[in-house]
């Protein structure tokens, strides 16, 4: 388990979801190593590479729910490659998964920039709450 303040993260997730007029149902964050995230990526997504997260969306209506698997080894590698703090990158990945549950995509034209802007706004909320 990475070093996170679980209660603060729960409050933050609720706060971010509310900005999208969403309520939080059951969201599970499951932290796994590179080999597990690679296995899952192959099995469920059909991709043969490491990733920092895989999400399974069970949301209904305005209530977001899902399982978000986070590849902590890849998060660490990414944080080193981009030169940011591991905990900041970890929280970015956490909220990235939540934003997907809120309906924000990042695969289509221009969507990646929108996702990154929404991540930045959510991270500002996080920084202001700690």
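The values are calculated or read from the model by the stated rules, or taken from the named source; none is laboratory data. Since this is a predicted model, take the numbers as computed values, not measurements. Because the Cβ atoms are built from the backbone with ideal geometry, glycine has one as well, and the counts that use them run over all protein chains shown.
Listing for the model above:
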| read-out | value |
| --- | --- |
| Filtered residue count, segment 96-122, keeping only those that are at pLDDT 95 or above and not in a helix (DSSP H, G or I) | 3 |
| Any chance residue 31 is free of Cβ contacts under 8 Å to residues at least 60 places away in the same chain, over 15 Å from residue 2 (Cβ atoms), surrounded by 12 or more Cβ atoms within 10 Å (Cβ to Cβ) and within 15 Å of the chain's Cα centre (by Cα) | no |
| Cross-chain or 6+ apart pairs with Cβ under 6 Å, segment 107-130 first and under 17 Å from residue 93 (Cβ atoms), then surrounded by 13 or more Cβ atoms within 10 Å (Cβ to Cβ) and at pLDDT below 95 | 112/106; 115/106 |
| From the options 118, 111, 89, residue that is farther than 18 Å from residue 15 by Cβ and touching a helix residue (DSSP H, G or I) at 6+ places or on another chain (Cβ under 9 Å) | 89 |
| Failed condition for residue 62, given (1) under 22 Å from residue 114 (Cα atoms); (2) surrounded by 16 or more Cβ atoms within 10 Å (Cβ to Cβ); (3) more than 12 Å from the chain's Cα centre (by Cα) | (2) |
| Residues that are part of a helix (DSSP H, G or I) and touching a helix residue (DSSP H, G or I) at 6+ places or on another chain (Cβ under 6 Å), drawn from segment 16-36 | 16, 34 |
| Residue in segment 75-95 that is closer than 22 Å to residue 26 by Cβ, touching a residue at least 12 places away in the same chain (Cβ under 8 Å), in contact with a strand residue (DSSP E or B) (Cβ under 7 Å, 6 or more places away or on another chain) and not in a helix (DSSP H, G or I) present | no |
| Given (1) assigned to a loop (DSSP other than H, G, I, E, B); (2) at pLDDT 95 or above; (3) surrounded by fewer than 16 Cβ atoms within 10 Å (Cβ to Cβ), number of the condition residue 1 does not satisfy | (2) |
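Conditions tested, residue by residue: (1) assigned to a strand (DSSP E or B); (2) surrounded by fewer than 17 Cβ atoms within 10 Å (Cβ to Cβ); (3) in contact with a helix residue (DSSP H, G or I) (Cβ under 7 Å, 6 or more places away or on another chain).
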residue: 38; (1), (2), (3): no, no, no
residue: 41; (1), (2), (3): no, no, no
residue: 47; (1), (2), (3): no, yes, yes
residue: 54; (1), (2), (3): yes, no, yes
